[in-house]
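Here's the structure we're looking at; comments come further down.
The values are calculated or read from the model by the stated rules, or taken from the named source; none is laboratory data. Nothing here was measured: the structure is a model prediction, and the numbers come from that model. Quick reminder, even Gly has a Cβ in these numbers, built from the backbone with ideal geometry, and neighbours come from all protein chains shown.
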Amino acid sequence: MTLHPHACKLKLLVWFWLALIACASVAQGVAAQQSCSSDTVSMDVAHFHENGDGTVTDLETRLMWMRCPSGQQSLGQRCIGFADAHGWLETKQYADKVNRDGEAFFNDWRVPSLRELATITDRGCVNPRTNLTVFPDTPAAPFWSSTPRPGESSGERFLALSFGVEGVVLARKDERFHVRLVRTGP
């Protein structure tokens, strides 16, 4: 049996895209590498309401989160694309753009504080330290917080929170990290 040349090209294209998706998943430390200890899982899925619009609301803290970091798009139960890394100024500009364009239905999105980011970590999981049902395809990497370094008035360094193994990271404004926006819900 001989395959039509277009069928071979299609199979090759499908193989290429599957390989690309697999590499992107490995590069961003997503579900394929995550492991969780059932003894110490701390983030209960029942505390989150999927809003059906790319956001999720934490029913305990009343915070509404974007399910996907900047650069990724929510598609069903996945976040597709590559999570962008931004410097501090770009991070603030990204939040301003989301609010100005109205692409996320509200105009009060902001960079979360370190304490707010900590509410979506799961101490029982690694690579990444969050619940992938609530926040799919999250990179196991640092995310910006709006919390400046304690005792520093210059505003040149902020704290970031890694969903990898690093924990809290002291960051200069020119370093590049991911961002997941938040707003105070109803």
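Table for the structure above
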{"read-out": "Residue under evaluation residue 150, criteria (1) touching a residue at least 40 places away in the same chain (Cβ under 8 Å); (2) farther than 12 Å from residue 181 by Cβ; (3) of a type outside the set (Lys, Arg); (4) out of contact with any Leu (no Cβ under 6 Å at 6 or more places or on another chain), criterion not met", "value": "(1)"}
{"read-out": "Residue tally, condition of a type outside the set (A, V, I, L, M) and more than 20 Å from residue 63 (Cβ to Cβ), over the range 149-184", "value": "17"}
{"read-out": "Options 143, 163: the member that is buried (at least 23 other Cβ atoms within 10 Å of the Cβ), under 22 Å from residue 93 (Cα atoms) and hydrophobic (A, V, I, L, M, F, W, C)", "value": "143"}
{"read-out": "Flag if residue 143 is aromatic (Phe, Trp, Tyr), closer than 20 Å to residue 74 by Cα and assigned to a loop (DSSP other than H, G, I, E, B)", "value": "no"}
{"read-out": "Matching option when the condition is at pLDDT 95 or above and within 21 Å of residue 44 (Cβ to Cβ), among 69, 112", "value": "112"}
{"read-out": "Looking only at the range 67-83, and only at residues there that are of a type in the set (A, V, I, L, M, F, W, C) and out of contact with any strand residue (DSSP E or B) (no Cβ under 6 Å at 6 or more places or on another chain), the one that is surrounded by the most Cβ atoms within 10 Å (Cβ to Cβ)", "value": "79"}
{"read-out": "Of all residues in the range 151-177 being among the small types (Gly, Ala, Ser) and assigned to a loop (DSSP other than H, G, I, E, B), the one that is nearest to residue 69 (Cα to Cα)", "value": "164"}
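Residue-wise test of (1) under 16 Å from residue 74 (Cβ atoms); (2) surrounded by 13 or more Cβ atoms within 10 Å (Cβ to Cβ); (3) at pLDDT 50 or above.
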position: 16; (1), (2), (3): no, no, no
position: 35; (1), (2), (3): no, no, yes
position: 48; (1), (2), (3): yes, yes, yes
position: 52; (1), (2), (3): yes, no, yes
